[in-house]
1. Scan segment 301-341 for residues that are touching a Ser or Thr at 6+ places or on another chain (Cβ under 7 Å), more than 16 Å from the ligand (Cβ to nearest atom) and either open to solvent by less than 60 Å² (accessible area, probe 1.4 Å) or within 18 Å of Pro276 (Cα to Cα) (or both) and jot them down.
2. Please go through segment 177-196 and pick out each residue that is assigned to a helix (DSSP H, G or I), within 11 Å of the ligand (Cβ to nearest atom) and either open to solvent by 50 Å² or more (accessible area, probe 1.4 Å) or on the phi > 0 side of the Ramachandran plot (or both).
3. For residues that are among the hydrophobic types (A, V, I, L, M, F, W, C), within 12 Å of Leu428 (Cα to Cα) and under 29 Å from the mean Cα position of the chain (by Cα), tally how many sit in segment 381-410.
4. Could you list, in sequence order, the residues of segment 179-191 that are under 28 Å from the mean Cα position of the chain (by Cα) and farther than 21 Å from Arg168 by Cβ?
5. Quick one: which helices (runs of 4 or more DSSP H) lie wholly within segment 1-120 and hold at least 3 residues that are open to solvent by 20 Å² or more (accessible area, probe 1.4 Å)?
6. Restricting attention to segment 138-185, which residues are touching a Lys or Arg at 6+ places or on another chain (Cβ under 7 Å) and without any contact (Cβ under 8 Å) to a residue 24 or more places away in the chain?
7. If Pro419 satisfies every condition in (1) in contact (Cβ under 8 Å) with a residue 24 or more places away in the chain; (2) touching a Leu at 6+ places or on another chain (Cβ under 7 Å); (3) under 21 Å from Leu321 (Cα atoms) but one, which is the exception?
8. Filter segment 385-418 down to residues that are touching a helix residue (DSSP H, G or I) at 6+ places or on another chain (Cβ under 8 Å) and either farther than 19 Å from Lys332 by Cβ or among the charged types (D, E, K, R) (or both) and give me whichever is most open to solvent (accessible area, probe 1.4 Å).
Amino acid sequence: MAKPALTRIGVIGMGYVGIPVAALLADQKGVDVTGVQRLSQRSGWKIDALNAGKCPFEGDEPGLEALISRVVQKGRFRVTDDFSVIQDMDIVLIDVQTPTDGADHKPRYLSLKEVSRQVGTTMKRSTLVVIESTVAPGTTQHVVQPILERKSGLKAGRDFHLAYSYERVMPGRLLDYIVNLPRIVGGVNKRSCDRAVRLYKRIVKAPILSTDILTAETSKTIENAYRDVNIAFANEMAMVCESLGIDAYEVRELINSRAERHMHVPGIGVGGHCLPKDTWLLNYGVHKYGRFPINPGFVQLARKINDFMPIHATEMVKHALAAKKIAIREAKIALLGVAYLEDSDDVRNTPTYDLVRELEADGAEVVAHDPYVKTFPEAELTKDLYGAVTGADCIVIATRHRPYFKLSFKKLKSLMRTPIIVDGRNVLDRVKAEKAGFLYKGIGKG
Ligand code: SAJ
């Protein structure tokens, strides 16, 4: 009896979204996956690492390395920079970066448009194309679809299928969040949507919710804007508590003692490839494709508050140094943690970029430590934690990495020039720090 044909899937963009979804699909019966990754200076090395069955992420990613090694060994997953493989694919997932411009916050769709041209040029009739990258509402049908149709000469919904289904992954929980979080799928028409739902049913155990493409795109950007707004609220209330001389984390616990209240966690800032830009994608989409003018000022204000937190932390450093009669231009600052998220190696849009820029602009010498991050152009980066704090006048904790919870105040004090701690992530115990002779300041700690 003839063997059932393999479903061939191409996943374009081997990053935090593309790699886990490709590996999960390749582990399914009757599925064969080819990852496509540009041979760029920044990411080209991932091709060889993945083809050797290695996970390219430094941080803790439960289950991912074992899964990649298994599907590579089974011969069901390989990665290439050769786009022509797309012509053999039944399904193509697009997982490229969709950054926004730092100045005008407009989306920069260089990769998305280039990949759409390549896919349109090579794809075969009846291919299902799914955009998983976060985009401004309206992008799939006003930017991607016309390129695919022009390049292929085919019509979306009739000759090939087109859908949008956004990822909800986070470093440290990549596989878990793909498998166990509800999945939203929007199709250019019902057939496209149904086909995409069938695809995700192979790997997603949680409910799969169908809608149209514009609603799905908008849900993604609003979902992240919602989180960003909640974090901004927590950050503003943290500054209120500092001014009142009380502990915002205690206040948060008291408020969250009521089950349906979820006050978020204040901190030194908001980083990552998502929250700092998705509000601007939402903003761009409604300005470009909205039926009437509306300026979502509330979510933009939240962006401003969250972007202010590294500057607020720099002010805290300056006040503490001044209390010890040290000018910031003569100070050495030990920065503990540069990643935007705990126990990850991810520095995309990390708030520590702004923090270092602010501190160095005032003349401080900054030495950074991070247990996971390999490169950090903004400052000298070391894996030697005690080396970083030796001779320092202030420690700034910027990431909630697990190793920082075990720091010895006695050891730190013996190595530092001036015992000052600015805790940007509520990692250290204030009472113990002060008992050990430290001047302690913390975001949300009045
Ligand atoms: N942060 C706070 N306080 C909080 C929560 C987070 O200061 O209470 C900071 C974090 O330290 C970090 C930033 O915000 O710097 C973002 O943290 P995150 O936990 O939101 O992590 P992301 O950006 O990797 O993940 C978010 C998630 N979105 C939502 O929860 C709505 C994730 O589910 C998305 O998949 C991801 O964005 C994405 O890719 O869009």
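The values are calculated or read from the model by the stated rules, or taken from the named source; none is laboratory data. Note that the coordinates shown come from a computational prediction; the quantities given were computed from them, not determined experimentally. Cβ atoms come from the backbone with ideal geometry, glycine included; neighbour counts cover every protein chain shown. The protein model used for the area step is the full one, side chains on, heavy atoms only, and it has no ligands, DNA or RNA in it. Shrake-Rupley method; radii C 1.70, N 1.55, O 1.52, S 1.80 Å.
1. Residue satisfying the conditions is Ile326 alone.
2. Selection gives Tyr177 alone.
3. From segment 381-410, those among the hydrophobic types (A, V, I, L, M, F, W, C) are 381, 385, 388-389, 392, 394-398, 405, 407, 409; that's our starting set.
After this cut, where a residue has to be within 12 Å of Leu428 (Cα to Cα) as well, the list is 395-398, 405, 407, 409.
With under 29 Å from the mean Cα position of the chain (by Cα) added as a condition, the list becomes 395-398, 405, 407.
Within segment 381-410, residues that are among the hydrophobic types (A, V, I, L, M, F, W, C), within 12 Å of Leu428 (Cα to Cα) and under 29 Å from the mean Cα position of the chain (by Cα) number 6.
4. Val188
5. Values: elements: 18-26, 45-51, 64-73.
Where helices (runs of 4 or more DSSP H) fall fully within segment 1-120 and carry at least 3 residues being open to solvent by 20 Å² or more (accessible area, probe 1.4 Å), they are 45-51, 64-73.
6. Scanning segment 138-185 gives a single hit, Tyr177.
7. That leaves (1) as the condition not met.
8. Looking at the filtered set, the residue picked out is Lys411.
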